[in-house]
1. Stretched out fully, how many nm does the piece from ALA204 to LEU46 gain, at 0.36 nm a residue minus the Cα gap?
2. How large is the dipole of the chain about the Cα centre if only Lys and Arg carry +1 and Asp and Glu carry -1, each at its Cβ, rounded to the nearest 20 debye?
3. Taking Cα pairs under 8 Å and at least six residues apart, what relative contact order does the chain come out at, in percent?
4. For PHE353, list long-range residues whose amide hydrogen, built 1.01 Å from N in the peptide plane, is under 5 Å from its own amide hydrogen.
5. How big is the antiparallel share of DSSP beta bridges in the chain, given as a percent to the nearest 5?
6. Work from the charge dipole of the stretch 161-390 (Cβ charges, +1 for Lys and Arg, -1 for Asp and Glu, about the Cα centre) and give the residue of VAL232, ILE246, ILE356 farthest towards its positive end.
7. Scanning the chain for GluC sites (Glu not before Pro) in DSSP loops with at most 10 other Cβ atoms within 10 Å, what's the longest stretch left with none?
8. Set the Förster distance to 25 Å, then compute FRET efficiency between ASP244 and THR376 from the Cβ-Cβ distance, nearest 0.05.
Amino acid sequence: MSARVPQRIVVLGATGSIGQSTLDVIARHPDRYQVYALAALRQIDLLETQIDQFQPAFVAVVDPLAAETLRTRLLARGVSTEVLTGADALNTLAQHPDVDTVMAAIVGAAGLPSALAAAEAGKRVLLANKEALVMAGPVFMDAVRRSGALLLPIDSEHNAIFQSLPADYRGEPDQHGVTHIVLTASGGPFRGCDRTQLTDVTPAQAISHPKWSMGPKISVDSATLMNKGLEVIEAHFLFGLSADRIQVVVHPQSTIHSLVQYVDGSVLAELGDPDMRTPIAHALAWPERIASGVGMLDLVACGHFDFSQPDTEAFPCLALAFEALARGGSAPAVLNAANEVAVAAFLDEKITFLAIPEIIRKTLDAIPDTTLTDLTSVLAVDAQARECAESLVAASA
Ligand code: NAD
Ligand code: MG
């Protein structure tokens, strides 16, 4: 039997929730995967542990001071991993000729340039960073088509849909008899609350998700239902479905990760315990299957599944996302930027939970729509929307 050549992988956002889960899966399969590089903003203690375990050729630390500290520490211990710094280092690694696969798991708009760089370089792109597609959907998908990159969704809903679509699906639902997709939502920690009950909720309450363990930004997005809104836009670009063919249903058990409805009445879905190592392992190995460390689903222990309509009265962010998708052009990028600013301000206790959708609403109203043609135009509208949202935060603080 010939020895397998391991896939060489860059993990962008290695210290985050997705990054750590990715390394957990990789560690189970040393014959298949080799960590070529790790990247993070500044969490060098954790990075150092990861470097010792995976011995990558490179590590990128965006914060220059943290990079310098790590470089000194590694040199003192005789560790040969080379430390790069600055945001450009992320692009360099994402496009490196020795790299096969890029896990794009940086949170927020900061992850767009490197995810796009990987797509432009024709890599196998494991996309966790949903904000990249929300901000730059047409530009990103165009880069994938042109380069022949393989784009594999990590977001559990999109991964479930990918698994439930035919293998030769290329964004043409009618050709494959696909009528709708259904994204499931856990409903977050405040499911069932009305607006009055949401007045005083704290960041600590918002980030304690009932089903998934995630970074702080996506946890707040789950609490506002903006996460589902971003996922609707993500699904639109990934699967070529118009907004009226994307449904959202609240499913508190988070066992059914999403569904595809076909013209003959069939509904296909992917189920499993809510653990991101399943979609990560799926995308790492696709079209093969590997163990992820996630246990087998026990349907009898599940007992029953519940479904309900999302409450867009209490959680207007979902409706705002549908609105931005209908407007098209730069509106999803504006929505994303305003949301990132508002969520950061909420986490800093500068604004209330209910102010998040208000700031997004006002920013969407203030910024005129433009067409997105390339990364520069996306970053320009992102900056414009951030400035507007920041001034709204300042005014409401
Ligand atoms: P996290 O906050 O746990 O980790 C974020 C990572 O990004 C860290 O490694 C951090 O160092 C890095 N980072 C942050 N700012 C950076 C910058 N300016 N430059 C370079 N690196 C930077 O986030 P997470 O929960 O792992 O989420 C990562 C992405 O995956 C998000 O886009 C999120 O929406 C998506 N996602 C996460 C989950 C989940 O279960 N956590 C599920 C689906 C999708
Ligand atoms: Mg998701």
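1. Values: separation 158, 0.36 × 158 = 56.88 nm, distance 2.31 nm.
My answer for the length gained is 54.6 nm.
2. Working: 27 positive and 45 negative charges, 140 e Å.
Dipole size: approximately 680 debye.
3. Contact order relative to length: 15 percent.
4. For PHE353, whose amide H was placed from the backbone, the distant partners under 5 Å are VAL201.
5. Numbers: 10 of 41 bridges.
Taking every DSSP beta bridge with both residues in the chain, the antiparallel ones total about 25 percent.
6. Highest projection toward the positive end goes to ILE356.
7. Values: sites that count: GLU288, GLU313, GLU349.
That would be 1-287.
8. Values: r = 32 Å, r/R0 = 1.27.
The pair ASP244/THR376 has a calculated efficiency of 0.20.
The values are calculated or read from the model by the stated rules, or taken from the named source; none is laboratory data. These numbers come from a predicted model, not from an experiment. Ideal geometry is used to build each Cβ from the backbone, glycine not excepted, and the neighbour counts take in all protein chains shown. Note: areas computed on protein heavy atoms with side chains; ligands, DNA, RNA excluded. Shrake-Rupley method; radii C 1.70, N 1.55, O 1.52, S 1.80 Å.
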